[in-house]
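The values are calculated or read from the model by the stated rules, or taken from the named source; none is laboratory data. As the structure is a prediction and not an experimental result, all values here were calculated from the model. So basically every Cβ, Gly included, is an ideal-geometry build from the backbone, and we count neighbours across all protein chains shown. The accessibility values were calculated without ligands, DNA or RNA, using every heavy atom of the protein model including side chains. Shrake-Rupley method; radii C 1.70, N 1.55, O 1.52, S 1.80 Å.
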Amino acid sequence: MDGFASLLAELARQAGFSPDEIRFRTGVEVPGFYRPTKKWDVVVIRRERLCAAIEIKSMAGSYGNNLNNRSEEALGSAADIWAAYRAGTLGLHQLWLGYLFVIRDEPRSRGPVSIAQTPLRTDPIFTGTSYIDRYGILCERMVLERQYSAAAYLSSPRGTRGTYAEPRPGLGFDAFARAFFGHLIGCT
């Protein structure tokens, strides 16, 4: 995942940010609203205001338990940072939040998954879906609901470093990187 973080940091440099305004690996703690701080994977700061923050996650097994955990984590992080933004903690310039997710492409992630019984009707969009489908739905809906400014959703088979597919239209890496770069150009 460091490769993606490095590439996104380089895009920030090309958008006119200096190395001390771009953070990844260290110095990536951002103040929150519900908690004191949270570590992001890539953070871009200019003149004491947060311009962009990106979360990069992957999944390579235990899909059922981890889907719920990743969903709650992603939504909680977004709720926390947007609340801090509204409270004025992060500066007044419009914030850009990105979510990049890579799932292992293998038979266990591609096969249909049952839905637990519930006394209420579940959203039919989940019927007959795989974990690859469900993570894509999560990413699409987080952008639709403006929890994140953009999301990239990729799948990659084991042992194929640097090779990935884009299982959901509209959630490709190029569009994500262009949205990030475009926002940073306007963050003066």
Hits in the range 21-52: amide N under 16 Å from the 7 Å Cα→Cβ extension of Gln94, namely 50-52
Note to self, the chain gives a 222 nm [θ] from helices alone (DSSP H runs n ≥ 4, -39500 (n - 2.57) apiece, / all residues, nearest 500) of -11500 deg cm²/dmol
Long-range share for the range 65-155, i.e. C-alpha pairs more than 21 Å apart as a percent of all pairs, stands at 40 percent
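For the range 54-188, report the accessible area per residue in Å² (1.4 Å probe, heavy atoms, rounded to an integer).
Details: 7060 Å² over 135 residues.
Here the per-residue accessible area is 52 Å².
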Rounded to the nearest 10 degrees, the helix 131-144 long axis (Cα) sits at an angle to the longest Cα principal axis of the chain of 40 degrees
Taking the alpha-carbon centre of each part, the distance from the range 1-55 to the range 57-93 in Å is 15 Å
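Tell me, what are the semi-axes, in whole angstrom and largest first, of the equivalent ellipsoid of the range 111-164 as set by the roots of 5 times the Cα gyration tensor eigenvalues? If you can, show how the numbers build up before the last one.
On the way: eigenvalues 123, 67, 8 Å².
With the √(5λ) rule applied to the range 111-164, the semi-axes are 25, 18, 6 Å.
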Heavy-atom accessible area with a 1.4 angstrom probe orders Glu73, Glu55, Glu21, most exposed first, as Glu73, Glu21, Glu55
If one compares the long axis through the Cα atoms of helix 63-86 with the longest principal axis of the Cα atoms of the chain, the angle in degrees, nearest 10, works out at 30 degrees
